[in-house]
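Comments concern the structure below.
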Amino acid sequence: MKITGVGIDLALVSRFKDKADLAKRILSPNEFSLYEKSHSPDAYLASRFAVKESYVKASNDKTIDYRAIEVQDDSTGKPHLLIDGKEINAFISITHEEEAGAIVILYEMEK
């Protein structure tokens with residue numbers, strides 16, 4: 001395995017309170033649905049924003065539409081990163097309390 005990029009970001013959760021307009025601009029349709037149902041939408045939005053910022057830093061793709069970047073949790077709650085609906089090789093970790101933090105580590109499998 002070869003690491004191809006690393007990105008990390010922090011987002012202050014309180015800055016994402018009552019930001020449904022921002023959520024519509026940066027969340028995928030699946031994520032927006034979960035945002036609307038969340039018991040803590042500001043923390044959900046802040047954490048997803050942190051993941052998307054971390055991905056941009058790791059990939060150096062500054063032109064990507066944030067709605068194309070999606071986090072999906074598997075049945076155990078482990079997050080997976082998808083770009084345009086396709087899972088990519090990435091380790092991600094998300095945390096949130098007063099701040100939301102995320103790290104994205106992109107990798108390629110060596111042949």
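Coordinate-derived values only; no laboratory data. Keep in mind that what you see is a predicted model, and the values were worked out from it rather than measured. Cβ placement follows ideal geometry from the backbone for every residue including glycine, while neighbour counts extend to all protein chains displayed.
For Ile64 and Glu98, what does the FRET efficiency come to when R0 = 30 Å and r is the distance between their Cβ atoms, rounded to the nearest 0.05?
0.60
Please go through the residue pairs Lys57/Lys78; Lys24/Lys62; Lys57/Lys86; Lys52/Lys78; Lys37/Lys78; Lys37/Lys57 and name each one whose alpha carbons sit more than 27 Å apart in this structure.
Lys37/Lys57
Given labels modelled 7 Å from the Cα in the Cβ direction, how far is it in nm from Ile88 to Asn30?
1.5 nm
If each DSSP helix of 4+ residues adds -39,500 (n - 2.57) and the sum is divided by the residues in the chain, what number results at 222 nm, nearest 500 deg cm²/dmol?
-9500 deg cm²/dmol
Show which aspartates and glutamates lie in cross-link reach of Lys17 when reach means a straight Cα distance below 16 angstrom and same-chain residues fewer than eight apart are skipped.
Glu36, Asp42, Glu97, Glu98, Glu99
Report the relative contact order of segment 2-108, percent, no decimals, based on alpha-carbon pairs under 8 angstrom and at least 6 residues apart.
Answer for segment 2-108 is 40 percent.
List the aspartates and glutamates whose alpha-carbon lies under 20 Å from that of Lys111, not counting same-chain residues fewer than 8 positions away?
Glu87
Quick one: Debye curve from the C-alpha atoms of the chain, no solvent, what's log10 I(q)/I(0) at q = 0.23 Å⁻¹?
Once normalised to I(0) and log-transformed, intensities are -1.37.
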